[in-house]
Each structure stands twice: as C-alpha cells, then as structure tokens.
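Everything below concerns the one structure shown next.
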Amino acid sequence: GAMSEMLGKWGGLPADVVFVVDDCTTAGKDSAGVVWHLQVGEAPMPFSRGCSFYQVDDQGKIAYARDIVEPVGKAGDSGMDVMGAVFPLVQLMPKSLQGGGEVSKEGPRSKLTMESFLFWVGYLMYWRFILLGSEAPGVPLQHTEWSTIAELLDQSLNFFYVNPALHAAGIALIPSNPSHPVNEALFNFVNAWSLMFAPIVLADPRALRAQVDRTKWWLGQFFLTNIFFIPFMALRARADLVPLEERKRPDDRVIIAGKAVGAVGVGISVISLAWAATARPEYGDLTSRGQHLIAMLTTDRVYFAFVLDMVLYSIFQFLLMRELIPEGSDQRRLSAVPFLGLAVWLYLGQEIESDDEFENSTSADN
C-alpha cells in the first residue's frame, strides 16, 4: 500500500521502465526489506540494483525508509584499503579515551594518541567535505563525470611534461592529448611536491618505530595525495618521537638522491609556472588564464582539492621537517617555507643533527 503509493509518485520515467522486486522479507506487519532493480521492457538497466528497508505507522504511511543504490563506480580493493586505514580509529578510539598505556620504543602505542586521533578526525572530514560532500565547489567524487576522469588520465600521460616534449621533438610514443595549460601546471606542481616528500617519508624514523609500511603509503600519496598522506601521518603518530641521539645520519646515496629529488622538484615548479603562463597559445593570454584558474578553483572539485592538498602539504612539511631538524639549526626555518623550503633542505643534504653533534659523533667513531 504505502510503498506502492510512494513508487507511483516517481515520475519522469518512460512507460516501459519497470521497478522489479527481486526479493522481499517482512518483520511483522509494519516492516519490510526489499531487493530490487529497474529494467526497460525485458532488459535490466545497468547500475540500477538496490535494496531498501521500510517501516509504516499505524495509518499505513511510511515512517522510515532507507535505500541503498548500486554505485556506478566500484571501489574494489582500493575501497578496502581506505576502510583498512579508517579501521584503527573505530577500533582504538574508545580505548584511547580511557587514558593510560605505556609506549614501547620498539613499536607503536596500543592506544591512540591525541595527535593520531586529530589526524583521523581530519581524514574523516577530508572524505566528508572534500571528496563526498556537497559543500565544496564542483560535484562530489561519486558523481564525477567521465570527462573529468579522461582529463586526469591525459594529464597523467603528460606527467612532468615528458610526453609533450617528446611530441615537440617529433617522437610520438604515446598519445599526448592537450588540456588547459593551467590545469596541467597545477597537476604537475602537486606531483612534484609529492615526489619531494619521498626522502622524508621513506626514511622517517618515527614511521619505522610505528611499524608503518613507508613505501606503500608514499606510493599511495604520490598518486592520490592526501587520501593516503593523512592516514600515514595518523599511523606514525602512534609512536613516540625518535630522540636525536637515536637518529642515523643519511648515507651518501640517500643524500645524493635527496639532492636530485629537490632539484627535480624545483625544476618542475619553474616549468609549471612558465607552462601555465605561456604554453599552448590557443588558450589565451595571462588574463584569460587567470580567469580560468579562478573559475576552476570555484567550480571544479578536482582542482579545488588540489589547492587544499597544497595547504595540507604545507602543514605536513612543517611538522615533518620540525621533527627531523634539530633546534638551533638554521635549516629549521626552512620548514615554514612551503615547497621551496623542502626543496632547499633536500638539496643542502637533509640535515637531521647539528654540526657540533655530527662532529662529536664522528670523533667518537674514530
């Protein structure tokens, strides 16, 4: 009765679209669970399956309804990875509110720290407001159009401007579909910053103490930014800070690799600025490109998220570098300079102890 009346109000569908009930279960006379799908004539419609639960009141009117519709995109294993990252908050937070718990130097805390908890709260807010919510500009993740995905795929093929350079030289190994140069520049700038976090994340002593798989989390962060970076920060925060005397100075290979990464990051940032301003003349002058940037940041969820990612990157850079660089070091001030401060610190050799302490440890070794 009540459910049929509600479905009868669903207008705007062709006459041959049929709402098919696949299965139904009841609990007394006032509750029912239904598994259903839509079909056109005899053909089931794609992505139209769902399940619903309804309760009616004494007058036979629906008092409660809950519908779950089949999503167009299936998260698969990546969805399980995201849930696996959130599970610690659900499992551990009630215990952490009880207080207590000693910290082992060999491993992570058995209960959440306040620092870790705040990162998890931030992660949930990131998903709620930036990825899935309707408050931020543009459409949420679950309603992303194929044209947006196609543009990101095209930009991935033009990663760090290698493919456009090859095409300019007459070498067409893979397609190079042009996007707006401002979009391409923003995409590559964020990726350059993600790359520069590699020396910090992969050698992070606190993450090692917390038994966090640093390689896996950095690779996720490199491709999907803060979807992986925020939970990495939360997981490492379960462990104590590593005292200065327990840290190991990076070996020469790590320092050389860091210098190279810093140089690549600065190089890509310079190219990105020039690319945004001058590449692909058919996209207009500086004024029109600036107007396009403002329009993208106020109407497109992807590029709005890119800018927010850079804000979060600035915060995480500050926190990670302040943990690694000892107090009293001139390089400590670099942590407060977004992007460029990290690049300079990498190029200078990733100082994690003062010169006096290094000289003392060297003398002791001799």
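Worth pointing out:
- For the range 213-258, filtering for residues that are closer than 28 Å to Ser156 by Cα and either over 22 Å from the mean Cα position of the chain (by Cα) or β-branched (Val, Ile, Thr) (or both) leaves 8.
- Residue match in the range 182-189 (condition: touching a Ser or Thr at 6+ places or on another chain (Cβ under 8 Å), part of a helix (DSSP H, G or I) and more than 21 Å from Thr225 (Cα to Cα)): no
- Residue within the range 302-313 that is within 20 Å of the chain's Cα centre (by Cα), among the charged types (D, E, K, R) and not in a helix (DSSP H, G or I) present: no
- Residue in the range 63-80 that is open to solvent by 50 Å² or more (accessible area, probe 1.4 Å), among the β-branched types (Val, Ile, Thr), more than 30 Å from Thr26 (Cβ to Cβ) and modelled with pLDDT under 50 present: yes
- In the condition set (1) surrounded by fewer than 22 Cβ atoms within 10 Å (Cβ to Cβ); (2) within 30 Å of His292 (Cα to Cα), Lys259 is compliant with all but (2).
- A Cβ distance below 8 Å, combined with a sequence gap of six or more or placement on separate chains, defines the contacts here; from the range 264-290, residues that are over 13 Å from Leu186 (Cα atoms) and among the charged types (D, E, K, R) reach residues that are open to solvent by less than 50 Å² (accessible area, probe 1.4 Å) and in a helix (DSSP H, G or I) in the pairs Arg280/Pro181.
- You will find that of Asp252, Asp285, Asp300, Asp240, the residue that is surrounded by 16 or more Cβ atoms within 10 Å (Cβ to Cβ) and either of a type in the set (D, E, K, R) or touching a strand residue (DSSP E or B) at 6+ places or on another chain (Cβ under 9 Å) (or both) is Asp300 and no other.
- Across the range 195-208, the qualifying residues are those that are small (Gly, Ala, Ser) and in a helix (DSSP H, G or I), and the one among them that is nearest to the chain's Cα centre (by Cα) is Ala198.
- Asn191 vs. criteria of a type in the set (S, T, N, Q), under 17 Å from the mean Cα position of the chain (by Cα) and open to solvent by less than 70 Å² (accessible area, probe 1.4 Å): yes
- Residue among Leu166, Leu153 that is open to solvent by 60 Å² or more (accessible area, probe 1.4 Å), part of a helix (DSSP H, G or I) and either touching a Leu at 6+ places or on another chain (Cβ under 9 Å) or not aromatic (Phe, Trp, Tyr) (or both): Leu153
- Members of the range 15-35 that are open to solvent by less than 60 Å² (accessible area, probe 1.4 Å) and at pLDDT below 80: Val17
The values are calculated or read from the model by the stated rules, or taken from the named source; none is laboratory data. Predicted model, so just to flag it, every value in this text is computed and none were measured. All Cβ positions, even for glycine, are placed from backbone atoms using ideal geometry, and neighbour counts span all protein chains on display. With ligands, DNA and RNA removed, areas are computed over all heavy atoms of the protein, side chains included. Shrake-Rupley method; radii C 1.70, N 1.55, O 1.52, S 1.80 Å.
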